[in-house]
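The values are calculated or read from the model by the stated rules, or taken from the named source; none is laboratory data. All of these numbers come straight from a predicted model, not from anything done at the bench. All Cβ positions, even for glycine, are placed from backbone atoms using ideal geometry, and neighbour counts span all protein chains on display. The protein model used for the area step is the full one, side chains on, heavy atoms only, and it has no ligands, DNA or RNA in it. Shrake-Rupley method; radii C 1.70, N 1.55, O 1.52, S 1.80 Å.
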Amino acid sequence: STISKDSLKTSLLQLECHFTWTLQKKYVSLEALEETILNHIKFLAKYEIRDYNLLSYVNYLKNSYEEALRSLKKAEEAIQKHHPDEIERRSLVTWGNYAWIYYHMQRYEEAQTYVSKVENSCKKLSSTAHGKIELPEIYAEQGWALLRFGRTYFERAMNCFENALRSEPNNSDFSAGYATAMYRLEGNVQRYGGERRRSLEALKRAVELNPADTTVVALLALELQRLHRANEGERYIEEGLQKTPDFPVFLRHAANFYRKEGKVKKAVEILKKALTLTPQSVVLHHQLGLCYRSEVLQLKKTRYPPREAMENLIELAIFHFKTAIDKKPVFFCAYSDLANTYAIDKRYEEAEETYQKVLQRNDLACDDKQDIYFSYGHFQQFHMKSESKAIKYYIECLKLEMDSYPRKKSSEAVETLLKQKIESGLGDATVIGTLGLVHKLNGKKQEAIECYEEAIALDPNNEEYLNALTELRLSI
């Protein structure tokens, strides 16, 4: 019996599993993600079903199909262990992933078998005729998978947890997922603009439902710190250190808290401990780099900076940033951090090389580009003393319309530079025309028109200014 590939594909697309949740690999580094999942399994066995399901999808993305099947086998064993009374209900995602992997292996009979298993179980479990089933734990599993694939997906993740909570408002796992997604979204808003959502209430609720979940406890502490209530936050951190002194995810958040409080030595201690538990963790290397760099900047402020200590800390910072980038080449903010560390040490060639590596990539999201352009402009202005290059890159940042912190900083920096030139009598047509462009990019049409008129008075035949002026007048 040959199975029609097309009808099989149609059935596969109906399944709720990682293959239909559109998780794109361009947003993650598969090696780093695999490492994260394996650590999670090692330190938090109770979530191993969804971790093995996700791992099977990551294996598939790495083209390791046999490995993917092994991960699903482990998910099945975990379902037997944790939910012996609800095998069918708890296996829907696992079976869906099986069906897809067999399909990609061109083993269509086996794929069809799993499709049928899901369809039959859904008919049994569902009151609706068409058998499409909406289970809260499947929404939650989708939410956790989305969170693992990075900030592009935080909004969708939050909606998944909202859906799950509708059916079970007191479920601590759904509540933790919802609060985590809210917290991550709020961090995004701080950096990139957008609608503000307060995650404080959601985090408090999650901690109330499960005080033993120190990951959420740590996020609550970090949120209190964001709201300038660090004293309250620190109590939660200290409690967490008592409850889970050997849980790397908690330790990482705790270190982050202390670093932001300026207690860098304490942060370093905690991070080193976490690194002994999970030596491959990209985030830990990046955090250690930030700590060592901030120690360098502290020492720089002293009257007689100790040369040897400085050199030692700079080497450490560089080592950890490099490690993070090697393990996760899409960790774009780590490139600026590395370049900036070279610059502090006046190693400008290496800084330039690091910036070029990331500037030449064609897979940068808009907000990553803004980050890099601002950082590179700042480097040109303050380290290379090249105002013209700085202006060029600040403007590149402004050309990307998305509202963000780096865009705001670029705008301020470039306006200040141009106005200083004008005030010191160096305001030729180019400088004034450039200021016109800045105003135009910032949507300040009237100011832009005035600048272009002034620039044209100084350079009457300039096509660029004449065109810009015409366009602006037409748009008002």
Nearest 10 degrees is fine. How inclined is helix 307-327 to the longest principal axis of the chain, computing both from alpha carbons?
50
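GLU77 to GLU109: FRET efficiency via 1/(1 + (r/R0)^6), r the Cβ-Cβ distance, R0 25 Å, to the nearest 0.05?
0.55
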Quick one: check the C-alpha center-to-center distance for the stretch 4-18 versus the stretch 182-251, whole angstrom.
40
Surface accessible to a 1.4 Å probe, per residue, for the residues of the stretch 427-475, Å²:
54
Calculated from the structure, semi-axes √(5λ) of the Cα gyration tensor in Å equals which of [x] 63, 25, 17; [y] 43, 25, 18; [z] 47, 30, 21?
[z]
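Using the Cα gyration tensor of the stretch 197-247, with a ≥ b ≥ c the square roots of its eigenvalues, what is the shape: rounded (a/c below 1.5), prolate (a/b larger than b/c) or oblate (neither)?
Numbers: a/c = 2.35, a/b = 1.29, b/c = 1.82.
Since a/c reaches 1.5 but b/c is at least a/b, the shape of the stretch 197-247 is classed as oblate.
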With a 1.4 Å probe and all protein chains left in place, how much of the accessible area of the chain comes from carbon and sulfur atoms, in whole percent?
49
Between SER424 and LYS265, how high is the FRET efficiency from 1/(1 + (r/R0)^6) when r is the Cβ-Cβ distance and R₀ = 45 Å? Nearest 0.05.
0.50
Within the stretch 234-251, what residues put their amide N at less than 17 Å from the label point 7 Å along the Cα-to-Cβ vector of LYS204?
234-237
Spin-label zone in the stretch 413-440 - amide nitrogen under 14 Å from a point set 7 Å from the Cα of GLU387 along the C-beta vector
413-435
Probe 1.4 Å, protein heavy atoms only - accessible area per residue of the stretch 134-244 in square angstrom:
43
Work out, step by step, the length gained on full extension between ASN312 and LEU61: first 0.36 nm times the residue separation, then minus their alpha carbon distance; give nm to one decimal.
86.4 nm
Degrees between helix 214-226 axis and first principal axis of the chain (Cα, 0 to 90, nearest 10)
20
Taking Cα atoms, the helix 463-475 axis meets the longest principal axis of the chain at an angle in degrees (rounded to 10) of 60
How large is the accessible surface per residue of the stretch 5-133, computed with a 1.4 Å probe and reported in Å² as a whole number?
50
Mean ellipticity per residue at 222 nm, deg cm²/dmol - from DSSP H runs of n ≥ 4 across the chain, formula -39500 (n - 2.57)
-24500 deg cm²/dmol
Specify the inter-centroid distance of the stretch 94-172 and the stretch 309-378, based on alpha-carbon positions, in whole Å.
39
For the stretch 5-133: rounded, prolate or oblate by the Cα gyration tensor [a/c cutoff 1.5]:
oblate
